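Report on the following structure.
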Amino acid sequence: MRFLPAVLVLSLALPAIAADPPEAQPPAKGGAAAYDAYPEPWRTQLLRPWERLVMLARKDLEKKQDALRQTIAMDQRPRRAKLVKEAQERLDTLLANSPPYLEPSILKAYEADTKVKSGGVLTWGDRFTRPQLDQPLTMAGLKEGAFGDPRDIDAKVFQVLDGNRMLVSVGDRRGGERNTLVMVKATTKGITDGKYIGPLHELLQPLQFAHVSGTTTYTTAVGASRTVFVIEFLDPDTPYNAEK
């Protein structure tokens, strides 16, 4: 008579123990529903750029499908069919929208709004993306409230006023004369009257950008009053409402 090992006998005697079922995970929202977590008006503002991308992807797919249907030459059809397949995959990815497409500038504005409502101090870096802060500030766009990188503005110091202010003659670097006077608020260490700066960008410190914060009036050498724009150099951590 043969005997089964004790361990085997014990295992046969015990009932099977079922493993705990995995916790059910809520399905990730895709498509337009991906924006439901955002309150209005931010939901609509975030939704619209995605809808536009979907519309453009549909048109691109239709265009490539039409091209395939009209292709008679058999040697051209595989290439056209591949383009249709790739366009369909792009559209499917957009429709799935997971993770959702979030327009950076709109998302930044939403996050800034949320921070303000929660009592936080809003900074320029909270309100604008780095590409927005680095957009060109040009002579054509020189107006109160404008900001950006003044790399296209040619500059020459007209008069140093004190350690942190100077009058600067500016003009378009692409051509034209430096016939506009502005007051620049920046350190004047090592700068003298008449010094040619080149691009006004040269006065910026790393990460800084230029902001036309307002206007000021100064008295000329002959006693006349003159109003000019004030340009300040800020960094992303500067409070956004500091100019108000």
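The values are calculated or read from the model by the stated rules, or taken from the named source; none is laboratory data. Values in this document were obtained by computation on a predicted structure and should not be read as measured data. Neighbour counts are summed over all protein chains in view; Cβ atoms, including those assigned to glycine, are modelled from backbone coordinates with ideal geometry.
The number of residues in segment 136-148 being surrounded by 15 or more Cβ atoms within 10 Å (Cβ to Cβ) and either farther than 19 Å from residue 201 by Cβ or not small (Gly, Ala, Ser) (or both) comes to 5. Among the residues of segment 78-96, those identified as within 15 Å of residue 56 (Cα to Cα) and in contact with a helix residue (DSSP H, G or I) (Cβ under 7 Å, 6 or more places away or on another chain) are 84, 87, 88, 90, 91, 94, 95. Number of residues in segment 33-89 that are more than 22 Å from the chain's Cα centre (by Cα) and of a type outside the set (Asp, Glu) equals 29.
Among the residues in segment 52-63, are any more than 16 Å from residue 95 (Cβ to Cβ), at pLDDT 90 or above and surrounded by 11 or more Cβ atoms within 10 Å (Cβ to Cβ)?
There is at least one residue in segment 52-63 that is more than 16 Å from residue 95 (Cβ to Cβ), at pLDDT 90 or above and surrounded by 11 or more Cβ atoms within 10 Å (Cβ to Cβ).
If the condition is being under 30 Å from residue 131 (Cβ atoms) and surrounded by fewer than 15 Cβ atoms within 10 Å (Cβ to Cβ), then segment 217-244 contributes 237, 239, 241, 242, 244. For residue 135, state whether it is within 21 Å of residue 230 (Cβ to Cβ), modelled with pLDDT of 95 or more and touching a strand residue (DSSP E or B) at 6+ places or on another chain (Cβ under 7 Å). Yes, satisfied.
Find the residue count for segment 204-217, including only residues that are under 16 Å from residue 170 (Cβ atoms), part of a strand (DSSP E or B) and without any contact (Cβ under 8 Å) to a residue 60 or more places away in the chain. Adding up the residues that qualify gives 1. Tell me which residues, restricted to segment 149-169, are in contact (Cβ under 8 Å) with a residue 60 or more places away in the chain and surrounded by fewer than 21 Cβ atoms within 10 Å (Cβ to Cβ). Selection gives 149, 167. Of all positions in segment 130-144, at least one carries a residue that is in the same structural domain as residue 219 (by TED's automatic domain parsing) and among the small types (Gly, Ala, Ser).
A Cβ distance below 9 Å, combined with a sequence gap of six or more or placement on separate chains, defines the contacts here; from segment 33-51, residues that are without any contact (Cβ under 8 Å) to a residue 60 or more places away in the chain reach residues that are in a helix (DSSP H, G or I) and of a type in the set (Val, Ile, Thr) in the pairs 48/106; 49/106. Scanning segment 40-71 for residues that are under 28 Å from residue 111 (Cα atoms) and either not assigned by TED's automatic domain parsing to the domain that holds residue 89 or not in a helix (DSSP H, G or I) (or both) yields 40, 41.
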